Every structure is written in structure tokens, then in C-alpha cells.
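Notes follow once the structure below has been shown.
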Amino acid sequence: MNIVLIGPRGVGKSGASRILARLTRFPVLSTDLLLSYEHDGLPIPAILRAIDGDWSRFRDLEYAVVAKVARLDGVIIDTGGGVVVDLDDAGGEIYSERKLSLLKRNGFIVHLTGDPARLAARVARDPNRPALSAAHSEEAIMRRREPLYRRAADLTVDGARMRREELAEWIFKRLPGAASGLH
Ligand SMILES: Nc1ncnc2c1ncn2[C@@H]1O[C@H](COP(=O)(O)OP(=O)(O)O)[C@@H](O)[C@H]1O
Ligand SMILES: O=C(O)C1=C[C@@H](OP(=O)(O)O)[C@@H](O)[C@H](O)C1
Ligand SMILES: [Mg+2]
């Protein structure tokens, strides 16, 4: 079984993944990093520029990575904040049945949640996070995605409620046996 971290940008998925790796002895695979790996090491903003900012294509590339990584067993999957979405014909974000059904087949989905206003301020300072939309604020996008994360989640926890180590231990205690690294 895998452990899959989902949630908005800046909530602490990557940080929590690293601590969970220590506790479970599972390795971490980041979908964003694997996407970069498959594009000759280009960072995410550069991949987006190379596809002319086409988020629908980005979601297809992300899907291809998810399809591969979800076949592994005994890994922590650190996802990008948009893993729960695909785009409909009008460009609106909808629940990504195709990505989540793959991740859920052999994965325990841990949702980190946090206050969208605080998270939006945190990611605004980070040059490695491309703007998600010219039309909508990061905060509005995070609020709209919240029910999609909840729909996917096996476990939801407020990422800001505890220190990072405490948070990872809180999650670790609630993992099903097969995902705890103890089997
Ligand atoms: N619990 C926390 N308290 C304070 N800062 C945090 C916490 N979790 C993460 N951060 C900081 O927020 C930023 C985003 O964390 P990161 O793990 O990269 O989030 P994500 O992978 O969900 O986008 C980093 O600069 C990190 O140091
Ligand atoms: O929220 C999103 O749609 C995205 C989040 C990013 O990952 P982080 O959540 O690690 O910032 C990255 O996958 C890409 O920029 C798109
Ligand atoms: Mg991350």
C-alpha cells in the first residue's frame, strides 16, 4: 500500500512526506519531480511555458505520471496541489476521477488542509510555483478545490494545527497496517 499526500499548495505536503518517510521507511516520490524528470529536468514553470500555459495538457502529463507511480507499492506519493482536478470542455476544474481512481486503488489518501488566505500568501513568495490562473486568485481556487480534496480523502488533517513532526506522527498513527511500514 502507498501513502498519498494531497492538499493545496503550500500546506506542507512535501515537508510532511519527508518526515513520514523516516517513520515508515518508505521512499518519497513527488509527482512534480517525476514530471520534471520526464522533461529533461525542466522545472514545473518551464514545462508550463513549453506547453504555452495549457493546463489541460499539464493535467494529461500529470495523469501519465500518476498512472506510473500508482503501480508501485510501499511508497509515499507527494502530489501537486492540482492532482485532484482535470478540466472540463469549458476549462473549469472538475474532480479527476481518472487520477484519483488510480491513486486510491493501492493508496491511503491523506488530505492536508489549511486556511486558504494564509496558504495563498505563503506560495505568492515562491518563484517555483507558477500562477494557476490569470482570472482567479490562488485563494479562490483553493476554496473551490476544498470539496474535491475531501471527496478523495481517507483522512483529513489541518496542516497548520501542529508542528511538522507532530503532524507526521499524528498521521503515522492513523495509517492502516499495510501503509505503516510495519508489515
Ligand atoms: N507546518 C508548517 N509550519 C510553517 N511552515 C510550514 C509548515 N509546513 C510547511 N511550511 C512551509 O511552507 C512552504 C510550503 O511547504 P511544502 O512542504 O513545500 O508544501 P506543499 O508541498 O504542500 O506545496 C515551505 O516553505 C515550508 O517550509
Ligand atoms: O495546485 C496546482 O494546480 C499545482 C500545484 C503545484 O504543486 P504544489 O502543490 O507542490 O505547489 C504543481 O503541481 C503545479 O504548479 C500545479
Ligand atoms: Mg510540494
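Scanning the stretch 66-93 for residues that are open to solvent by 30 Å² or more (accessible area, probe 1.4 Å) and either touching a residue at least 40 places away in the same chain (Cβ under 8 Å) or touching a Gly at 6+ places or on another chain (Cβ under 9 Å) (or both) turns up Leu72, Asp73, Glu93.
Counting only strands (runs of 3 or more DSSP E) that sit wholly inside the stretch 71-183, those with at least 1 residues that are closer than 18 Å to Ser17 by Cα are 76-78, 107-113, 155-158. Show the residue pairs meeting these rules: Cβ distance below 7 Å; 6+ apart or different chains; first residue within the stretch 4-27 and at positive phi and open to solvent by 20 Å² or more (accessible area, probe 1.4 Å); second residue at pLDDT below 95 and not in a loop (DSSP other than H, G, I, E, B). From residues that are at positive phi and open to solvent by 20 Å² or more (accessible area, probe 1.4 Å), the pairs are Gly12/Arg164.
Within the group Leu119, Leu100, Leu112, Leu132, which residue is under 15 Å from the mean Cα position of the chain (by Cα) and more than 11 Å from ligand 2 (Cβ to nearest atom)? Unique residue meeting the criteria: Leu100. Here the condition is being away from ligand 3 (no atom under 15 Å from the Cβ) and in a helix (DSSP H, G or I); of Arg57, Arg18, it holds for Arg57 alone.
If you go through the stretch 130-153 one residue at a time, do you hit one that is touching a strand residue (DSSP E or B) at 6+ places or on another chain (Cβ under 8 Å), open to solvent by less than 80 Å² (accessible area, probe 1.4 Å), more than 27 Å from Leu48 (Cα to Cα) and touching a residue at least 40 places away in the same chain (Cβ under 8 Å)? Working first, answer last.
Just the residues of the stretch 130-153 that are touching a strand residue (DSSP E or B) at 6+ places or on another chain (Cβ under 8 Å), to begin with: 141, 144-146, 148-153.
With open to solvent by less than 80 Å² (accessible area, probe 1.4 Å) added as a condition, the list becomes 141, 145-146, 148-149, 152-153.
Still in the running and more than 27 Å from Leu48 (Cα to Cα): 153.
Pick out the ones that are also touching a residue at least 40 places away in the same chain (Cβ under 8 Å) and you get 153.
Scanning the stretch 130-153 turns up at least one residue that is touching a strand residue (DSSP E or B) at 6+ places or on another chain (Cβ under 8 Å), open to solvent by less than 80 Å² (accessible area, probe 1.4 Å), more than 27 Å from Leu48 (Cα to Cα) and touching a residue at least 40 places away in the same chain (Cβ under 8 Å).
Out of all the residues in the stretch 106-122, is one or more more than 14 Å from ligand 3 (Cβ to nearest atom), acidic (Asp, Glu) and surrounded by 15 or more Cβ atoms within 10 Å (Cβ to Cβ)? Looking through the stretch 106-122, at least one residue is more than 14 Å from ligand 3 (Cβ to nearest atom), acidic (Asp, Glu) and surrounded by 15 or more Cβ atoms within 10 Å (Cβ to Cβ). In the set (1) basic (Lys, Arg); (2) within 16 Å of ligand 2 (Cβ to nearest atom); (3) open to solvent by 80 Å² or more (accessible area, probe 1.4 Å), the condition left unmet by Arg163 is number (2).
Residues of the stretch 37-57 that are open to solvent by less than 50 Å² (accessible area, probe 1.4 Å) and within 21 Å of Arg125 (Cα to Cα): Ile44, Pro45, Ala46, Ile47, Leu48, Gly53. Identify the residue in the stretch 1-18 that is more than 21 Å from Ala117 (Cβ to Cβ) and not small (Gly, Ala, Ser) and, among all such residues, is farthest from ligand 2 (Cβ to nearest atom). Ranking the candidates gives Met1 first.
List pairs: first residue in the stretch 95-121 and under 18 Å from Leu175 (Cα atoms), second residue surrounded by fewer than 15 Cβ atoms within 10 Å (Cβ to Cβ) anywhere in the structure, Cβ distance under 7 angstrom, at least six positions apart or on different chains. Final answer for the pair search is Asn106/Asp73; Phe108/Pro176; His111/Arg150; Thr113/Asp158.
The values are calculated or read from the model by the stated rules, or taken from the named source; none is laboratory data. Since the model is a prediction, treat every value here as computed from it, not as a measurement. Here Cβ is always computed from backbone atoms with ideal geometry, including for glycine, and neighbour counts include all displayed protein chains. Accessible surface areas use protein heavy atoms only, side chains included; no ligands, DNA or RNA. Shrake-Rupley method; radii C 1.70, N 1.55, O 1.52, S 1.80 Å.
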